[in-house]
Each structure stands twice: as structure tokens, then as C-alpha cells.
Ligand SMILES: [Zn+2]
């Protein structure tokens, strides 16, 4: 190749490459690929990647068996609200709803009347303690007497809310401990009346940790800063666990249902140990499904092993949210979005349990613990 032909050849190559660079779609893609580098990093709220995973999905609208929701809240419902509730319950196979917010005295009577009075086999109402006379001597015995009266008036259990052990204080400013002996008479009364105590102690342990970028409930604490439990104002998580476990141990004849997997959903071995040492302790899965759904193998094995100790519950009532529970308990679906992002930024997996286990979680364990529910409405 002489030098003139070489120059012409290379000039031709340069022209071809220039045209290609302008018109080629590959060149455009290359430019686009580099574009995000100029953008700012998205915030945690902005980053919403769409999963490209293609896998089997089972949208279960109705539970496989009729079930009992052991953990629901309906404060002073009206007759119209209760009618609507029953219609919605029928669509998802929710046979019996346990309203934990019955109150005490007149309020309890009214709630029983509007729910059980009109649908005797569809509702259960739990009583609550009133602390108005906490500082007057003889408080524990009076609460026990009020509870006995509430049970005569139709209550079938006692619910203790989360202020117990955290916010509830004597007038001298001293915190009421979860295992405070002043309440012994109440728990002994529950054993005598053969009613369970559904008790909410503490909060997710992350609420007691610093609100920083390592906290896995960062989003929830941003949305609800009041849920933080800083050490300046609250006892540590472990102190509450110690008091709670002491309470369970000192009333072996009283059946306790620790709400929300006892806040050990992120440590099922620890929950297993609690079960092993306290045969009177049970849990519900209300509002902590994402804890089980992020560890489907462990969740499955745990539910099989402790199938007599776990109860179905939902907490905040929303008829359209139960299907996540059905899907997690009844299928092996993978990597699906959870219904409440502030509880779990992660996706969850189904941990499908055998039918015999499912029946226990859905209703058999509740039938065993809560007196007065008609078992005939449920399969063998
Ligand atoms: Zn609740």
C-alpha cells in the first residue's frame, strides 16, 4: 500500500466511524448508560425498583380453613359497623373475630351487646384493666373483682396493652413493672376463671436502638418518631423481657398469649426457649408476618415444632390485608411485597405449613385457650 492509498483508506475509516457514532443505537445506549452517574443518588423513598423476577404467584383471597383472629381492635363499634364487619369476615373465611378492646364495666357490656349479642358465634370480646385507682391500696384485688364481673357480662379473656411496663406509672413517678406483685391477684383470677391473658410487652427491639442508618425500622421511626423508646425515657428492651418472663414463670396456671411473637420474631430460637421453659405461654403472629416471611425455612420448621403454641392474629383490622397471611402460611410463593412498608423494606416468602399445623394456627389453638367458642363451626 503506497502512502496516498493509505491516507485515503484511513480517511474512509474515520468517516465511517464518525457516521456510525452519530447514527448507531449502540452509541446512544452507551451515552444513556453513563447518564445516571450524573444524577444524584436516590433517597430511600425514591428508590423503588421493580422486581423482574418471574415466578409462580398464588393470590389467596380466602383462608383455606375457617379461622379465628385472636388479635383485633374495635373500640365501641356501632351496630352498623358490626353488620358490615360480618359481611367482610365472610368473604375471607374469618369465622370468629376476637375484639381485644372491650374495656371494662359499662363499656364492656355495651361492646358485648353490640357484637356477641347480635352475632353470638362470630365474636369474642376481651376485657381490659382500668388503672384509674392504681394508687389506692387494694388495687389488684379490685381489678380482679372487676374482671370477674366483666367475665360474667360476657368477656372471654383479658387484654393488656403496651403502656403496661412502659408508660404506666405510680403517682410517685415509679414505673409499674410487668411483674409487679400488685397484679398477682389479677393473673391468679384469670387462672381461676380459665381465661387467657393476651399481653403486649415492649415493642420491636429496634425501637429501643438509636435511630440511625443501621436501624432496620428507620422508616417507621421516621414516620412515627413517638414510637422510639430512648433509654432516657424507657426501660431497656431486655429489662422488659426479664420482667415479662418472670411474670410468665410465677403464674404457671395462667395461660398467656404474648402478642406479636413476643417480639422474638427476629430470633425464633429464643422464642423456642421461652416456650420450652413456660408451657403456659403462647404467641400470636399479628403484625409480625414479615419477620416469619424473611426466614421461610426457619419459620416453617418453627411452626411445625411449636404448632400448639402459635395463633393467627392480624391486629389493625383491614379486610384486604389478611391475604398476605394466607399466602405466607399456605403457599411457597417467593419474594413478594409486604403490605406495610414501614414494617419491612424487604420482600417476603411463603413458608407453607402442613394442613394439620395450619388448622392449629388458624383455630384449634384458640379453641383450646379461649372458653366458649363453638368448635362445631370448624373442621375436625
Ligand atoms: Zn394490638
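The values are calculated or read from the model by the stated rules, or taken from the named source; none is laboratory data. As the structure is a computational prediction, the values presented were derived from the model and not from experiment. Methodologically, a virtual Cβ is constructed for each residue, glycine included, from the backbone with ideal geometry; neighbour enumeration extends over all protein chains shown.
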Neighbours by Cβ (under 8 Å, 6+ apart or cross-chain): first from segment 148-162, more than 12 Å from residue 195 (Cα to Cα); second in a strand (DSSP E or B): 160/197; 160/198; 160/199
Only listed residue being closer than 19 Å to residue 315 by Cβ and assigned to a loop (DSSP other than H, G, I, E, B), chosen from 165, 154: 165
Hits in segment 156-174 (condition: surrounded by fewer than 20 Cβ atoms within 10 Å (Cβ to Cβ) and more than 20 Å from the chain's Cα centre (by Cα)): 167, 168, 169, 170, 171, 172, 173, 174
Residue in segment 259-289 that is nearest to the ligand (Cβ to nearest atom), counting only those that are part of a helix (DSSP H, G or I) and under 26 Å from residue 126 (Cα atoms): 260
Residue check, residue 91 assigned to a helix (DSSP H, G or I), in contact (Cβ under 8 Å) with a residue 12 or more places away in the chain, surrounded by fewer than 16 Cβ atoms within 10 Å (Cβ to Cβ) and out of contact with any strand residue (DSSP E or B) (no Cβ under 7 Å at 6 or more places or on another chain): yes
Odd one out for residue 127 among (1) away from the ligand (no atom under 16 Å from the Cβ); (2) at pLDDT 95 or above: (1)
Extreme residue, surrounded by the most Cβ atoms within 10 Å (Cβ to Cβ), among residues of segment 175-213 that are touching a helix residue (DSSP H, G or I) at 6+ places or on another chain (Cβ under 7 Å) and closer than 15 Å to residue 156 by Cβ: 196
Residue 208 being more than 16 Å from the chain's Cα centre (by Cα) and away from the ligand (no atom under 16 Å from the Cβ): yes
Filter result for residue 111 (part of a helix (DSSP H, G or I), within 16 Å of the ligand (Cβ to nearest atom) and more than 20 Å from the chain's Cα centre (by Cα)): yes
Single residue of 322, 297, 282, 335 found to be more than 21 Å from residue 263 (Cβ to Cβ), crowded, with 20+ Cβ neighbours inside 10 Å and at pLDDT 95 or above: 322
Test: residue in segment 113-135 that is in contact (Cβ under 8 Å) with a residue 40 or more places away in the chain, at positive phi and buried (at least 21 other Cβ atoms within 10 Å of the Cβ): no
Residue 256 under 27 Å from residue 69 (Cβ atoms), within 16 Å of the ligand (Cβ to nearest atom) and out of contact with any strand residue (DSSP E or B) (no Cβ under 9 Å at 6 or more places or on another chain): no
Residue 32 vs. criteria farther than 29 Å from residue 329 by Cα, modelled with pLDDT of 55 or more and loosely packed, with under 11 Cβ neighbours inside 10 Å: no
Only listed residue being within 19 Å of residue 294 (Cα to Cα), part of a loop (DSSP other than H, G, I, E, B) and touching a strand residue (DSSP E or B) at 6+ places or on another chain (Cβ under 9 Å), chosen from 372, 350: 350
